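K.L.:
First the structure, which I've put down as structure tokens, then a few questions once you've had a look.
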Amino acid sequence: MAAPEQGYAGLDYLDAADWGPGGGMGGEKRSYNTWINSKLIEGGYPVLSFESMFDDFGDGVVLAHLIYCLEDPKLVKKYIHGIDERRPLHPLRGHSNFLVLYKFLTEQAGIKGMSSLPINAVMHGSQTLIMGLIFRLMQKYALATAENDEAFSSLLEWVKPRCSPHKEVKNWTSSWKDGKALCALWNYLITEDQEMYEWLVDKSGQELTIDLTKCTTDTNAALTAAMSKFHKIMDVPLMITPTDMIECVEGFKKTNQIYIAEIKNAHAKWYDETKKKLDMDKASQQEANEDLEHITIGLEKYEQALKALREAQNSSNTMTTEILHVAGDDMSNSDGTDEELDKICDVARDKLTPNDEQYDYSSTLFEEAYTEFAKVKGREASKLEKQWQFKSKMNDAKAKPGEIEGMKDATHDNLDIKLEELKNKWKGKKALETLLAEYIADVDKYTDTFETITDRVIRSFEGTRNERQRRENVSQGRKELVDEVTHILEFVPRFDEVSNIVVNEDDQKVCEEKKIEAENWYNFWVNEYDRRVEEELNSGKYAQEEELADLLAIYHKFSVDLDTIVRKDTDENGNLINACLLYTSPSPRDS
């Protein structure tokens with residue numbers, strides 16, 4: 001596996017992805033998200049998604065993880081009990097979490113005004129209140145005080161002499177717009193210890209200071225260089241962007257205050273660690289001690305491994321979001337079959353390979369660090385341990401590969417869950433699309449059938465001799481129509497079946513509407529058939545035919561009656577008994 005670029009090369013360049021979620025777009029939410037994730041990563045906890053940041057605060061688990069990262073472990077162990085970190089978490093358990101954490105922040109951390117951040121509103125994702133809660137944590141743990149104005153004034157006084165004489169810093173906004181304040185602060189902090197600076201330049205092979213004239217010719221590039229160096233050398237979170245500082249965007253003052261506080265804290269930590277490296281390097285050169293060399297290499301490998309692990313953790317969140325976005329697009333354009341959806345899911349899973357390689361690379365570095373630490377077995381090992389405390393890092397380096405495998409598995413499990421949700425969503429949508437197309441086609445078909453049968457029955461009236469025959473035609477046509485259009489009712493259980501697999505509420509609503517609509521179409525065709533034929537029968541077109549039929553019926557009856565009379569009024573020889581009957585009842589034919 002190819003190793004990422006090491007050392008300080010390329011420090012004037014930052015890719016948009018280095019700023020985390022949202023890239024270099026700036027904004028107060030992104031700044032807060034970056035600060036939170038930098039702390040969670042240090043503590044080994046899952047990072048927050050930029051999109052769901054406010055929702056993720058809803059059960060108190062994220063707040064608990066932040067406190068674990070920021071507070072004294074002894075205080076946490078003594079005062080924080082009963083936090084439920086299972087997810088999804090019942091709202092009552094989430095509320096219980098917040099009660100414990102608010103009490104700790106108020107009574108032990110000394111943060112004032114927690115009552116102005118109602119728990120219920122925070123649990124329901126209030127952006128304003130959650131941002132306020134995060135800012136209070138920043139004040140407390142970035143500035144080491146819960147008092148706002150005094151802390152920021154003291155911090156500004158710390159900045160002023162370090163930027164002078166290149167820039168007179170008067171405030172937290174306009175004094176920073178031209179980039180000179182941040183670049184001057186960087187130059188001061190990196191060169192404060194001249195011996196250390198020369199050692200760093202020798203190690204990196206390049207000058208690390210920033211030409212302040214660059215602030216005039218290309219302010220954005222100068223700020224990018226300063227922020228890049230602070231991030232890559234001193235591990236300062238990329239909370240703000242050059243655009244934020246140049247334009248003093250909304251919320252910049254507060255985020256800039258916290259950003260500079262992070263610089264101050266990170267510099268102090270970096271200076272102590274770098275001083276140890278410098279001293280170790282000097283000792284190694286002076287004493288040519290093999291054990292010290294192993295410690296030096298082990299510490300370098302260990303720090304490279306930690307950085308590689310942080311990058312892998314950051315990438316897992318961003319990469320998962322991108323993979324799901326592409327998979328969703330592919331599924332929307334698919335035919336919705338299990339085979340094709342499974343194929344899309346398999347392709348999506350393969351796209352996590354680069355992230356797996358990042359995790360594997362960090363795991364390899366931890367193994368190499370452990371190997372170097374394990375070589376320290378000389379007589380001075382105990383003395384070196386007291387001086388450099390490398391054994392705790394050696395134990396951590398030994399355990400980390402196993403933990404990293406768990407992180408990889410968690411990333412894949414999370415992607416699998418999200419892909420399964422996507423698959424179910426689009427499987428339902430495609431099934432509904434297919435069924436709707438079939439349903440619409442059948443509605444058109446049966447509408448044509450309805451029109452054809454109705455028209456044929458009505459036209460048949462012209463060739464019939466009487467009402468009875470027409471009614472028989474109507475009955476036969478109705479039976480034929482019902483036999484045909486009854487098939488539309490077969491869609492009712494089919495829409496009911498699809499309703500059980502679609503996950504979108506709108507799609508479920510469509511299924512319910514179409515079930516009702518199918519029944520309405522059936523009733524319409526049958527009722528409209530009845531209405532039209534009845535209207536045709538009652539139109540009066542066939543009255544003349546009925547009168548003729550009535551006359552024929554009367555004549556027929558008369559003929560039958562006459563024949564009966566004649567038979568009854570003759571004797572056994574066939575002679576008429578009452579001839580007058582023939583005279584009084586003339587035949588319609590004789591008359």
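K.L.:
Quick one: putting +1 on the C-beta of Lys and Arg, -1 on the C-beta of Asp and Glu, what dipole do you get for segment 289-448 around its Cα centre, in Debye to the nearest 20?
P.N.:
Details: 23 positive and 37 negative charges, 233 e Å.
About 1120 debye.
K.L.:
Taking the Cα centre of segment 494-534 as the origin and placing charges on Cβ (Lys, Arg +1; Asp, Glu -1), which of Val503, Trp521, Val533 is farthest toward the positive end of the dipole?
P.N.:
Sorting the options by dipole projection puts first Val533.
K.L.:
Report, in listed order, any pair from Lys180/Lys269; Lys77/Lys377; Lys264/Lys351 with a Cα-Cα distance greater than 28 Å. Intermediate results must be reported in sequence, preceding the final value.
P.N.:
On the way: Lys180/Lys269 24 Å; Lys77/Lys377 35 Å; Lys264/Lys351 39 Å.
From Lys180/Lys269; Lys77/Lys377; Lys264/Lys351, over 28 Å: Lys77/Lys377; Lys264/Lys351.
K.L.:
Tell me the net charge near Tyr188. Cut-off is 13 Å between Cβ atoms, Tyr188 excluded, with +1 for each Lys or Arg and -1 for each Asp or Glu. Don't skip to the answer; put the middle values down first.
P.N.:
On the way: positive: Lys160, Arg162, Lys167, Lys180, Lys229, Lys264; negative: Glu192, Asp193.
Charge balance in the 13 Å sphere: +4.
K.L.:
Okay, moving on. Towards the positive end of the charge dipole of segment 389-459, with charges on Cβ (+1 Lys, Arg; -1 Asp, Glu), say which of Met407, Leu435, Met394 has the farthest Cα.
P.N.:
With unit charges placed on the Cβ atoms, the residue in question is Met394.
K.L.:
For the cross-link pairs Lys78/Lys140; Lys39/Lys229; Lys408/Lys430; Lys307/Lys408, which exceed 25 Å when the distance is taken from alpha carbon to alpha carbon? Let's see the in-between values first.
P.N.:
Numbers: Lys78/Lys140 20 Å; Lys39/Lys229 19 Å; Lys408/Lys430 32 Å; Lys307/Lys408 16 Å.
Flagged as over cut-off: Lys408/Lys430.
K.L.:
Which net charge results for the neighbourhood of Ile67, defined as the other residues with beta-carbon distances under 11 angstrom from its beta-carbon, given Lys and Arg at +1 and Asp and Glu at -1?
P.N.:
On the way: positive: Lys39, Lys140; negative: Glu71, Asp72.
My count for the surroundings of Ile67 gives 0.
K.L.:
Check each of the GluC sites (Glu not before Pro) in segment 320-365 and keep only those in coil by DSSP with at most 10 other C-beta atoms within 10 angstrom; list them in order.
P.N.:
Numbers: sites: Glu322, Glu339, Glu340, Glu357; in loops: none.
Sparse-neighbourhood loop GluC sites (Glu not before Pro): none present.
K.L.:
List the lysines whose Cα lies under 22 Å from the Cα of Lys445, skipping any in the same chain that are fewer than 8 positions away.
P.N.:
Lys445 reaches Lys479, Lys514, Lys515.
K.L.:
Separate question: If you place +1 on the Cβ of every Lys and Arg, -1 on the Cβ of every Asp and Glu, and leave all else neutral, what size is the dipole of segment 472-543 about its Cα centre, to the nearest 20 Debye? Walk me through the numbers on the way to the answer.
P.N.:
Working: 9 positive and 19 negative charges, 56 e Å.
It works out to roughly 280 debye.
K.L.:
Tally Lys and Arg at +1 and Asp and Glu at -1 over the other residues with C-beta under 14 Å from the C-beta of Glu168: what net charge comes out? Could the numbers behind the result be given before it?
P.N.:
On the way: positive: Lys160, Arg162, Lys167, Lys170, Lys177, Lys180; negative: Glu157, Asp178.
My count for the surroundings of Glu168 gives +4.
K.L.:
Now for a different question. Placing +1 at every Lys and Arg Cβ and -1 at every Asp and Glu Cβ, with all other atoms neutral, what dipole size does segment 27-183 have around its Cα centre, in debye to the nearest 20? Don't skip to the answer; put the middle values down first.
P.N.:
Numbers: 19 positive and 17 negative charges, 46 e Å.
The calculated dipole for segment 27-183 is roughly 220 debye.
K.L.:
Count neighbours as other Cβ atoms within 10 Å of each site's Cβ, and list the GluC sites (Glu not before Pro) in segment 106-202 that are DSSP loop with at most 11 such neighbours. Write down the numbers at each step before the final one.
P.N.:
Values: sites: Glu107, Glu147, Glu150, Glu157, Glu168, Glu192, Glu195, Glu198; in loops: Glu147, Glu168, Glu192.
When the GluC sites (Glu not before Pro) of segment 106-202 are filtered for loop state and at most 11 Cβ neighbours within 10 Å, Glu168 remain.
K.L.:
Please list Ser49, Ser116 from largest to smallest accessible area, probe radius 1.4 Å, with all protein chains kept in place.
P.N.:
Numbers: Ser49 25, Ser116 65 Å².
From most exposed to least exposed: Ser116, Ser49.
K.L.:
Name the shape class, rounded, prolate or oblate, that the alpha-carbon gyration tensor gives for segment 118-262, where a ≥ b ≥ c are the square roots of its eigenvalues, rounded holds for a/c under 1.5, and otherwise prolate holds if a/b is larger than b/c and oblate otherwise.
P.N.:
On the way: a/c = 1.96, a/b = 1.83, b/c = 1.07.
Prolate is the answer for segment 118-262, as a/c is 1.5 or above and a/b outweighs b/c.
The values are calculated or read from the model by the stated rules, or taken from the named source; none is laboratory data. Computed from a predicted structure; not experimentally measured. Glycine also receives a Cβ, built like all others from the backbone with ideal geometry; neighbour counts cover every protein chain displayed. Side chains included, ligands, DNA and RNA excluded: accessible areas come from the protein's heavy atoms. Shrake-Rupley method; radii C 1.70, N 1.55, O 1.52, S 1.80 Å.
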